[in-house]
Amino acid sequence: MNFSPLQSNEKITFYGAGSMAEAIVRGVIARQVAQPVQIAMFNRSNQERLEFLSGSYGVRTAAAQADKDEMLREASIICLAMKPKDAGEAISRMRPLVSDHQLIISFIAGLSVATIQQLLGRNLPVARAMPNTSSSIGQGMTGISFSPEVSEEQQRTTVAFFESVGAVAVIEEQQQEILTGVSGSGPAYIYYMMEAMIAAGVEGGLSPEQSRTLTEQTVLGAVMMMRETKEDPALLRKAITSPNGSTQAAIQVLSDGNFTEHVKAAVLRAAERSREMGEEVRKALQ
């Protein structure tokens, strides 16, 4: 895949320096979307973390408040990567430092575009993004929503940003919660099922290492089969489910336990909880 690099005079500032910010930085540098000298990072007070990031990736960091403020002023793109509880104070403090040409990209779960713009005091271009944890290995899934103020060029830049750590879906903001239910929380559902498969293998006499290897490759193979064949998963399932066979017996157990309905309920509950958390964040920031 070809990634469009930023212009050499463009700069990116990460306000927050946690694991997701690091994953994005690693991706954009590895795929040459941006050079290390174009990237600045700072956090509230963890100097050891900043020294690690500077040493690992060659990015610029800052501890002094004046230097942090300058990083915000000079940025073409500001990535909000702080915790939700710190967002209100942090974004409000940015208000006199930012200008209308800057793009704000928020990774903050539950924080709406409207709330971000309200805290900034005006309708700056804002992209709201929901990556998942697989972004840390370049296999993430990110949903992105844009405010009307985001230009086409800024949209392309944002998509390139997140394509550097996986796949991207551009969605309407009202779809962010269901996306959270499917892909944001989704890795946990798969891990949960893998836990059960590994445990069953061990109970059946396999070593933990053997059972883990079998489970890992089975899940990976199933995903690759879907991608390679482009087939509906229901058809792939039916193709390996012989009448009265072992797979049919297993599927029947899952069906009897309302497997499909439980998974759907889990996804919808995650989406509902995401909405609840967003409302909690909004009220806390009033």
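What follows is calculated from the coordinates using simple rules that are stated; it is not laboratory data. Note that the structure is predicted; figures quoted are calculated from it, not measured. All Cβ positions, even for glycine, are placed from backbone atoms using ideal geometry, and neighbour counts span all protein chains on display.
Among the lysines of the chain, pairs that are 8 or more positions apart or on different chains and have alpha carbons within less than 28 Å of each other number 11.
Computed from phi, the 3J(HN,Hα) profile of the stretch 206-215 under the Karplus parametrisation 6.51, -1.76, 1.60 (θ = phi - 60°) reads 6, 6, x, 5, 5, 5, 5, 4, 4, 5 Hz, with x in place of Gly and Pro.
Structural descriptor for the chain: relative contact order 16 percent, calculated from alpha carbon pairs under 8 angstrom and at least 6 residues apart.
Where the centroid of each part is defined by its Cα atoms, how far is the stretch 145-219 from the stretch 71-121 in Å? Taking the Cα centre of each part, the stretch 145-219 and the stretch 71-121 sit 26 Å apart. Cβ-to-Cβ counts within 10 Å put ARG95, ARG60 in ascending order as ARG95, ARG60, the fewest first. How many percent of DSSP beta bridges within the stretch 12-179 run antiparallel, rounded to 5? So the antiparallel bridges in the stretch 12-179 amount to around 15 percent. To check you understand DSSP bridge types, tell me what percent of the beta bridges within the chain (both residues inside) are antiparallel, rounded to 5. Of all bridge pairs located within the chain, approximately 15 percent are antiparallel.
Using a simple spin-label model with pseudo-atoms 7 Å out from Cα toward Cβ, GLN65 and MET193 lie 5.1 nm apart.
For the stretch 186-270, just say rounded, prolate or oblate: build the C-alpha gyration tensor, square-root its eigenvalues into a ≥ b ≥ c, call rounded for a/c under 1.5, and beyond that prolate if a/b exceeds b/c, oblate if not.
Working: a/c = 1.25, a/b = 1.15, b/c = 1.09.
Rounded, since a/c falls under 1.5.
To the nearest ten degrees, helix 152-163 and the longest principal axis of the Cα atoms of the chain are 50 degrees apart.
The largest-to-smallest principal axis extents of the Cα set in the stretch 12-179 are 38, 36, 29 Å. Simple spin-label estimate for SER92 and ASN46 gives 2.4 nm between the two label positions (7 Å along the Cα-to-Cβ direction from each Cα).
May I ask for the net charge around PHE146, where only other residues with Cβ less than 13 Å from the Cβ of PHE146 are counted and Lys, Arg are +1 while Asp, Glu are -1?
-3
For GLY181, the shell of other residues with beta-carbons less than 9 Å away shows a net charge of 0, using +1 for Lys and Arg and -1 for Asp and Glu.
Of ILE24, ILE178, the sequence from fewest to most neighbouring Cβ atoms within 10 angstrom is ILE178, ILE24. Spacing of the modelled spin labels on ALA200 and ASN258, each 7 Å from Cα toward Cβ, amounts to 2.0 nm.
Between ILE105 and ILE78, CYS79, LEU80, ALA127, the built amide H atoms are under 5 Å apart, and every one of these is 5 or more places off in sequence or on another chain. A cut-off under 14 angstrom between Cβ atoms defines the neighbours of TYR57, and their net charge, with Lys, Arg +1 and Asp, Glu -1, is +2.
In a Gaussian network model over the chain where Cα atoms closer than 10 Å are linked, find which of ALA66, ALA90, ALA160 has the largest mean-square fluctuation. So, out of ALA66, ALA90, ALA160, the one fluctuating most is ALA66.
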